[in-house]
Structures are given as C-alpha cells and as structure tokens.
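Here's the structure, in structure tokens; my notes come after.
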Amino acid sequence: MKKIIIITIIVVFVLCLIPIKRVHKDGGTISYNAILYSYTDYHQLQDDGTYYDAKEFRIFPFNYFN
C-alpha cells in the first residue's frame, strides 16, 4: 500500500511539471506555464520599433501573480 501511495505522489508531481507552451502575438513572446512554475521569454515589439527582450522564471505560488 505504501508503494502505491509513493508512486501516485511521484506521478502527480511529474504531471505538475509538464508545461503548456503559449506564443503571444506581440512580436514573439513565448511563455511556458506549468502548475509549479512559469517561464516567459519576452520579445515584444515596442511603439518606437525596438524590441524589449527579457526572460522571467517564477516558482509556485508566485507564478500566478501579475
């Protein structure tokens, strides 16, 4: 019984690490969102024709705050 519980916990944890890729239409920003983390690679086209480039990594629970 203990083995089943441990295996179930490990499977749930691994599933929480699988990200969903989202491509934004702002010049090429890509974000990967999972339950336990989020990673965003900003590449935004600004009004003056330049690009804003940055990377952001957030760990749970801060990945749900703006």
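Computed from the coordinates by the stated procedures, all read-outs in this text should not be read as laboratory data. The shown structure was predicted, so the numbers you read here are calculated from the model rather than taken from an experiment. Note: ideal-geometry Cβ built from the backbone for every residue, glycine included; neighbour counts use all protein chains shown.
Within the range 38-66, can you find the residues that are among the β-branched types (V, I, T) and in a strand (DSSP E or B)?
Narrowing the range 38-66 to residues among the β-branched types (V, I, T): 40, 50, 59.
If the condition is that a residue be among the β-branched types (V, I, T) and in a strand (DSSP E or B), then T40, I59 are the ones that fit.
Do we have any residue at all in the range 23-37 that's surrounded by fewer than 12 Cβ atoms within 10 Å (Cβ to Cβ) and either in contact (Cβ under 8 Å) with a residue 40 or more places away in the chain or under 18 Å from the mean Cα position of the chain (by Cα) (or both)?
Start the filter on the range 23-37 by keeping residues that are surrounded by fewer than 12 Cβ atoms within 10 Å (Cβ to Cβ), which leaves 23, 25.
Next, only the ones that are either in contact (Cβ under 8 Å) with a residue 40 or more places away in the chain or under 18 Å from the mean Cα position of the chain (by Cα) (or both) stay: 23, 25.
Scanning the range 23-37 turns up at least one residue that is surrounded by fewer than 12 Cβ atoms within 10 Å (Cβ to Cβ) and either in contact (Cβ under 8 Å) with a residue 40 or more places away in the chain or under 18 Å from the mean Cα position of the chain (by Cα) (or both).
Please work out which one of (1) in contact (Cβ under 8 Å) with a residue 12 or more places away in the chain; (2) among the hydrophobic types (A, V, I, L, M, F, W, C); (3) surrounded by fewer than 10 Cβ atoms within 10 Å (Cβ to Cβ) is the condition I5 fails and give its number.
Unmet condition: (1).
Residues to consider are I35, I4; find the one that is β-branched (V, I, T) and part of a loop (DSSP other than H, G, I, E, B).
Details: I4 fails: part of a loop (DSSP other than H, G, I, E, B).
Every option except I35 fails the conditions.
Quick grid of which residues meet (1) touching a Pro at 6+ places or on another chain (Cβ under 8 Å); (2) polar (S, T, N, Q):
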position	(1), (2)
I7	no, no
I10	no, no
D26	no, no
I30	no, no
A34	yes, no
Y39	yes, no
Q46	no, yes
A54	no, no
I59	no, no
